[in-house]
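The values are calculated or read from the model by the stated rules, or taken from the named source; none is laboratory data. Being a predicted model, the structure only gives us computed values, none of them experimental. Positions of Cβ are backbone-derived with ideal geometry, glycine not excepted, and every protein chain shown enters the neighbour counts. Areas reflect the complete protein model, heavy atoms only, side chains present, ligands, DNA and RNA absent. Shrake-Rupley method; radii C 1.70, N 1.55, O 1.52, S 1.80 Å.
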Amino acid sequence: MTSKTKPKKRKTMTKQSMWIILLGCAGVLALTAWVCIGSGGEQLTASGKRLIHTMDPSYFAKDPKAQAAYQVAKDMPEVLAELPCFCGCMTALGHESNLFCFKDEHGSGCNICEDIALEARDMHDKGLSIERIKDAIRQHFAGSH
């Protein structure tokens, strides 16, 4: 007597199950990217000041002074990140440094923000250290606001 065994049924994945797995994987990838790029990829200066993305200087092509200041922010963010701003934005807008003035259009409408950036560039071009630049900026602008 031979016994006949039934072949085992293979479980097949439904479309719904496949979509759930794919969405789960996409969520994990998105979270990983956010951690790596968003919060984990933060750039800091040597002293721990935050570096941020600033607006493109070409946006201010009709305003040469603003364009020059935004170019400084693009070219030497590590210097501006070390400098305070004296227009009141650090208190009123929560800016952490003069660099933050150039993350949006704020810097283009403020002579103090622009002047700090442009003077910092000139001193940096002369070879002054960031500490000497910071001291000179404080002396020149501390009474501005």
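The table for this structure:
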{"quantity": "Listing of helices (runs of 4 or more DSSP H) fully contained in segment 31-145 that carry 2 or more residues being among the polar types (S, T, N, Q) and at pLDDT 95 or above", "calculated": "64-75"}
{"quantity": "Residue tally, condition open to solvent by less than 60 Å² (accessible area, probe 1.4 Å), touching a residue at least 24 places away in the same chain (Cβ under 8 Å) and either more than 14 Å from K74 (Cβ to Cβ) or out of contact with any Asp or Glu (no Cβ under 7 Å at 6 or more places or on another chain) (or both), over segment 105-141", "calculated": "13"}
